Amino acid sequence: RHQNKLELLLANADDGATSKIYDEENKYYIEINDNLQFINDGQSFIFNSEQSGFNHFYKYNWHTKQTTALTTGSYDIDQLIGIDAANNKLYYTAAEATPLERKLYSVDFDGKNKQCLTKENGTHAITTIAGYQFFLDKYSQLQQPPIYYLRSKDGKIVRTLEDNNKLAERMKEYNIGK
């Protein structure tokens, strides 16, 4: 059985009637996942797809049949961190500069104003805090133990929660991570 066609149906809970709101076909394969978030405007949703050859986020309006690319480029998005519907903003991690790193980005629902919110090279494992005013960032690199930051929504470090300095010093004693 091929997995090269995706159809999303909208169902009326009262009478069971359905209508197709989105379809996508690929000659070879379509990745099916749970990265589908409906927006409270009653006519659009955000999802990810590999239709460009890379895994990216899109916003689709099923009334106008308009697809807006929220992320573009020769890299893959990694994870949907959150959707701030009140401010029309998507938060996600991606391996934009190199496949060895994961950084936190934000972009508006129209695909504009993309910002890298974690400038440090390495991996940023992000946990959202309700309201998207702050994020917890577990930042790590190959040769250092993780550092835990509390960041504001614009990526600024509000507080270092754990710097793991003692562990870093111990690693130097044993040449761990070299």
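The values are calculated or read from the model by the stated rules, or taken from the named source; none is laboratory data. Not measured: the values here are computed from a predicted model. Heads up, the Cβs are rebuilt from the backbone with ideal geometry, glycines too, and the neighbour counts pull from every protein chain shown. Note: accessible area is taken over every heavy atom of the protein model, side chains too, but ligands, DNA and RNA are not part of it. Shrake-Rupley method; radii C 1.70, N 1.55, O 1.52, S 1.80 Å.
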Problem - Residue that is β-branched (Val, Ile, Thr) and either open to solvent by less than 50 Å² (accessible area, probe 1.4 Å) or touching a Gly at 6+ places or on another chain (Cβ under 7 Å) (or both), where the choices are THR64, THR18, THR93 - result: THR93
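Does THR71 satisfy the criteria of being in contact with a Phe, Trp or Tyr (Cβ under 6 Å, 6 or more places away or on another chain), hydroxyl-bearing (Ser, Thr, Tyr) and closer than 19 Å to TYR105 by Cα? Explain how you work it out, then say what you get.
Values: in contact with a Phe, Trp or Tyr (Cβ under 6 Å, 6 or more places away or on another chain): yes; hydroxyl-bearing (Ser, Thr, Tyr): yes; closer than 19 Å to TYR105 by Cα: yes.
Criteria met by THR71.
Taking the conditions exactly as written (open to solvent by 20 Å² or more (accessible area, probe 1.4 Å), in contact with a strand residue (DSSP E or B) (Cβ under 7 Å, 6 or more places away or on another chain), closer than 18 Å to TYR75 by Cα and of a type in the set (Gly, Ala, Ser)), does GLY111 satisfy them or not? Let's see the steps before the verdict.
Values: open to solvent by 20 Å² or more (accessible area, probe 1.4 Å): yes; in contact with a strand residue (DSSP E or B) (Cβ under 7 Å, 6 or more places away or on another chain): yes; closer than 18 Å to TYR75 by Cα: yes; of a type in the set (Gly, Ala, Ser): yes.
Yes; evaluated as a whole, the condition is true for this residue.
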Exercise for the section: Please work out which residue is farthest from PHE45 (Cα to Cα), limiting yourself to the range 96-108 and to residues that are of a type in the set (A, V, I, L, M, F, W, C) and touching a strand residue (DSSP E or B) at 6+ places or on another chain (Cβ under 6 Å). Expected result: LEU104
Practice task
Have a look at GLY111, GLY131, GLY82 and point out the one that is closer than 26 Å to ASP154 by Cβ and at pLDDT 95 or above.
Solution key: GLY111
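Across the range 72-85, which residue is farthest from the chain's Cα centre (by Cα) among those that are of a type in the set (Val, Ile, Thr) and open to solvent by less than 40 Å² (accessible area, probe 1.4 Å)? Don't jump to the end; show me each part of the working.
First, the residues of the range 72-85 that are of a type in the set (Val, Ile, Thr): 72, 77, 81, 83.
From what's left, open to solvent by less than 40 Å² (accessible area, probe 1.4 Å): 77, 81, 83.
Working: ILE77: 6, ILE81: 5, ILE83: 9 Å.
Restricting to residues being of a type in the set (Val, Ile, Thr) and open to solvent by less than 40 Å² (accessible area, probe 1.4 Å), the top hit is ILE83.
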Problem - Unmet criterion (only one of (1) at pLDDT 95 or above; (2) in contact with a Leu (Cβ under 9 Å, 6 or more places away or on another chain)) for LYS138 - result: (2)
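Table: residues versus (1) touching a helix residue (DSSP H, G or I) at 6+ places or on another chain (Cβ under 9 Å); (2) basic (Lys, Arg); (3) surrounded by fewer than 16 Cβ atoms within 10 Å (Cβ to Cβ).
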residue	(1), (2), (3)
GLU7	no, no, yes
ASP41	yes, no, yes
PHE47	no, no, no
LEU70	no, no, no
ASN87	no, no, yes
ALA97	no, no, yes
LEU100	no, no, yes
